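Step one of this worksheet: look at the structure below.
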Amino acid sequence: MPATLDDLITRRFQDVAVSEQGDINTAEFLEAAEGVVKLFDILDSAAFYPKVHDKSLSSPGDPTKYDTLQKIVLAEAKEGDRTATQGLLWLKRGLELTAMALKRNLDNPAEELSVSFTEAYNNTLKQFHNFLVKKMFGMAMLACPDRKSFYEKVGGGKPDVHEQLLAWVNALQALLNELNIFYATGAYDKGL
């Protein structure tokens, strides 16, 4: 039987440590984010190629140097080098696309993935992309797997796949909300 998301994910977003102040554990977050790449790898669809590579190439640096994502950004704000800050910003944006698309698809049982991902793209990444990248994402959606195949591959036919995926997406969104507040409070995305 082919591997499912449960087989491949080493850490779920719901298991990422967050301090009382909202600081997110770097190593745990990055490990959970790798699960998104693995999710798209399971589907083996050209539709997700740009998203996978958008995320996997935007890692915010060495998780052993700073124990929280916020400490990475704060350190770079002092140093003037914003390489990891920008990497985290793009990772966050890609994860927002994924969370929005999957949440929309879970909430709308009759909607195909191509519609959910297109709408999520229009509301997240599209504003940051040039004409060529926008066209590439539009074309990629033509290769999006159908809804039924998606949930069968991700869940391996388990009856609770929707509930598990919803918990995963909700936990991801909670982490993204923390990052959005942090970035907005310090204007750390300005100019990136």
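Some notes on this structure:
- Summed over segment 75-89, residues that are without any contact (Cβ under 8 Å) to a residue 60 or more places away in the chain, in contact with a helix residue (DSSP H, G or I) (Cβ under 8 Å, 6 or more places away or on another chain) and either open to solvent by less than 80 Å² (accessible area, probe 1.4 Å) or aliphatic (A, V, I, L, M) (or both) total 2.
- Scope segment 139-155; condition surrounded by 16 or more Cβ atoms within 10 Å (Cβ to Cβ) and either touching a strand residue (DSSP E or B) at 6+ places or on another chain (Cβ under 8 Å) or hydroxyl-bearing (S, T, Y) (or both); matching residues: Y151
- Condition check for A140: small (G, A, S) and at pLDDT below 90: yes
- One residue stands out among those in segment 1-45 that are closer than 18 Å to N180 by Cα and of a type in the set (S, T, Y): the one that is modelled with the lowest pLDDT, which is T26.
- Some residue of segment 160-170 being more than 24 Å from I42 (Cβ to Cβ) and at pLDDT 90 or above: no
- Taking segment 156-169 as the range and being closer than 18 Å to A99 by Cβ and surrounded by 15 or more Cβ atoms within 10 Å (Cβ to Cβ) as the test, the residues that pass are V161, H162, Q164, L165, L166, W168, V169.
- Scanning segment 90-131 for residues that are of a type outside the set (D, E, K, R) and open to solvent by 60 Å² or more (accessible area, probe 1.4 Å) yields a total of 11.
- If you go through segment 1-30 and keep only what is open to solvent by less than 60 Å² (accessible area, probe 1.4 Å), without any contact (Cβ under 8 Å) to a residue 24 or more places away in the chain and not hydrophobic (A, V, I, L, M, F, W, C), you end up with just E28.
- Pick from segment 178-192, criterion outside any helix (DSSP H, G or I) and open to solvent by 60 Å² or more (accessible area, probe 1.4 Å), ranking: nearest to L89 (Cα to Cα): D189
- Residue ID - modelled with the highest pLDDT, chosen from residues in segment 55-71 that are part of a helix (DSSP H, G or I) and surrounded by fewer than 22 Cβ atoms within 10 Å (Cβ to Cβ): K71
- Inter-residue pairs, beta-carbon under 9 Å, first among the basic types (K, R) and in segment 142-159, second at pLDDT below 85 and part of a helix (DSSP H, G or I), 6+ apart: K153/L5; K153/I42; K153/L43; K158/D6
The values are calculated or read from the model by the stated rules, or taken from the named source; none is laboratory data. Worth saying up front: this structure is predicted, and the values here are computed from it rather than measured. Ideal geometry is used to build each Cβ from the backbone, glycine not excepted, and the neighbour counts take in all protein chains shown. For the accessible areas, the whole protein counts, side chains as well, though only heavy atoms, and no ligand, DNA or RNA atoms are used. Shrake-Rupley method; radii C 1.70, N 1.55, O 1.52, S 1.80 Å.
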